[in-house]
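Step one of this worksheet: look at the structure below.
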Amino acid sequence: MDRDRLKIFLNGVTLVAVFLVLFAFSRYGTDYQVRILNNMAIFITLAVSYNLVNGYCGILHLGPNAFVAIGAYTSALLTMTPAEKQMNFIIQPIVWPLNVIEVPFVLSLLAAGLTATLFAFLISFPVFRVRGDYLAIVTLGFGEVVRVLCNALQNVTNGPLGLKGLSPCTNLWWTWGVAVLSMVVISRLIHSSYGRALKAIREDETAARAMGVDPFQHLLLAFLISAFFSGVAGGLLAHLITTISPTLFTFLLTFNLLIMIVVGGLGSTTGAVIGAMLFAWGGEALRIVEKPMDLGFVIIPGIPGMRMVIFSLLLMLVILFARRGIMGRSELNWEVILTRLDRLRRP
C-alpha cells in the first residue's frame, strides 16, 4: 500500500474510532461526562478558528467573544417559538419579524455563522487599516460594543435578562461534527497556496506584498472563516447551556481562547486542539481548588475564581519556559507519524 492510500485508510480508521467513542459516551456516559465532551468540542472549534487569525496570520485579534455572542443570539432567537419569545420578553416585546420567525436548529446554526461573518466583513475595513497594538484595540473595542448592545437592545436581545428556556438541541454529534469540520477546512486551507500566502504575510508583510500577495484579501478571507466558525460555535453553546446573557460573552471568553492557543502553540492546528482539550478537562479538574479543603492540620477555605488564577500562572510559565507552546508551529498528523516510523526502521 502506498503512502497516500495508507494515510486515507488511517484517517478513516481515526474517524471510525471517534465515532465509536462518541457513540459509547452518548449511550452509556453520564450527563457530566457528556457535558465535558460537548464543551471540549465547542472549545476546539473556537480555538482552531481563532488560531487561524492569531497564529497563522500573526494578527492580535481580541474580539472573538463578539462573534460568539452574535452567533449565540442569532441561533437562539431563530429557534425559539413565538410563545417562548413572548414569555422571555416581559419588559419590551421583541421586534418584528423576529417575533414570528421559527426555523430548525441546523438552519439557525447556518444563520449564526453567516451573521457573524457579515459583522466581520463590516468591521474588516477599519480593522485591517491598522496593525499591531492598534488592531488589537480596535477588535477589543468591537467586542465591548457588541456586549453593550446586547445589554441595551431590549427588544432584540432582551437586555440583561437574556434568553432562557432554549431547546437543548446541542449533542455530541453536532459539537464534534462541527469541530471535525472546522479542523478539516482550516487544515486544508493552511496547506494550500492560500495558507502559504498567509504565513508569508505573518513573517513579512512588506515582502509578501512585493511578491504579489494582497494582504487585505488574504487576511479578510481568514477573518471571515474564523468569524463563521465562531458564530456556529456560539449557536452550539447557546443550545447546550439553554440560557444566555451578555455576561457570558465578556473579555474573559477571549482570554480563555488566548490561553488555549498560546499553550497549544500559535500557528499549529494540532496545538489549538490540544490546548482546547486541556482547558476543557483542566477547568473541571481544577474545581477542587475552589472548594474548602481539610488537610488535617489546617482547613483551606474555597476561593471562587481560583481556577482562572491557576490558568493565568500556567500561561505565564508557558511564556517563560516554552514560548512556542506545546506544539510550537508543528503539526501532528499521519504524514509526520509515518515519516518518523520510517526513520526508526532505517539502520
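Laboratory data are not the source of any read-out in this text; all were calculated from the coordinates shown. Keep in mind that this is a model prediction, so the values were computed, not measured. Cβ coordinates were reconstructed from backbone atoms using ideal geometry, including for glycine residues, and neighbour counts include every protein chain displayed.
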- Fewest-first ranking of Leu20, Leu189, using other Cβ atoms within 10 Å as the exposure measure: Leu20, Leu189
- Taking a cut-off of 16 Å between Cα atoms, list the lysines near Lys85, but don't count ones fewer than 8 places away on the same chain. Lys164
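Shape of segment 104-208 from its Cα gyration tensor (a ≥ b ≥ c, root eigenvalues): rounded if a/c is under 1.5, otherwise prolate when a/b > b/c, or oblate?
Numbers: a/c = 3.10, a/b = 1.31, b/c = 2.36.
Judged from the Cα gyration tensor, segment 104-208 comes out oblate (a/c at least 1.5, b/c at or above a/b).
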- Query: segment 287-347 to segment 134-150: how many Å between their Cα centroids?
  - Reply: 30 Å
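So which DSSP H runs in the chain come out at 30 Å plus along the axis (Cα) with average Kyte-Doolittle of at least 1.6? Kindly include the intermediate steps, with their values, before the conclusion.
Values: long enough: 3-28 (37 Å, 1.06); 105-127 (33 Å, 2.13); 215-241 (39 Å, 1.63).
Long hydrophobic helices here: 105-127, 215-241.
Label the chain by shape, choosing from rounded, prolate and oblate, from the square roots a ≥ b ≥ c of the eigenvalues of the Cα gyration tensor; if a/c is under 1.5 it is rounded, and otherwise prolate applies when a/b is larger than b/c, oblate when it is not. Could you put the intermediate results ahead of the total?
On the way: a/c = 1.44, a/b = 1.22, b/c = 1.18.
Because its axes are fairly even, with a/c under 1.5, the chain counts as rounded.
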- What list do you get for Ile299, Ile225, Ile241, Ile337 if you sort them by fewest beta carbons within 10 Å? Ile299, Ile337, Ile241, Ile225
- Message: At 7 Å along Cα-to-Cβ for each site, give me the label-to-label distance between Leu317 and Leu118 in nm.
- Response: 4.6 nm
- Item | Neighbour-count ranking [beta-carbon atoms within 10 angstrom, fewest first] of Ile42, Ile94 | Ile94, Ile42
- Checked segment 212-347 with the C-alpha gyration tensor, a ≥ b ≥ c its square-rooted eigenvalues, rounded below a/c of 1.5, otherwise prolate if a/b is larger than b/c and oblate if not; verdict oblate
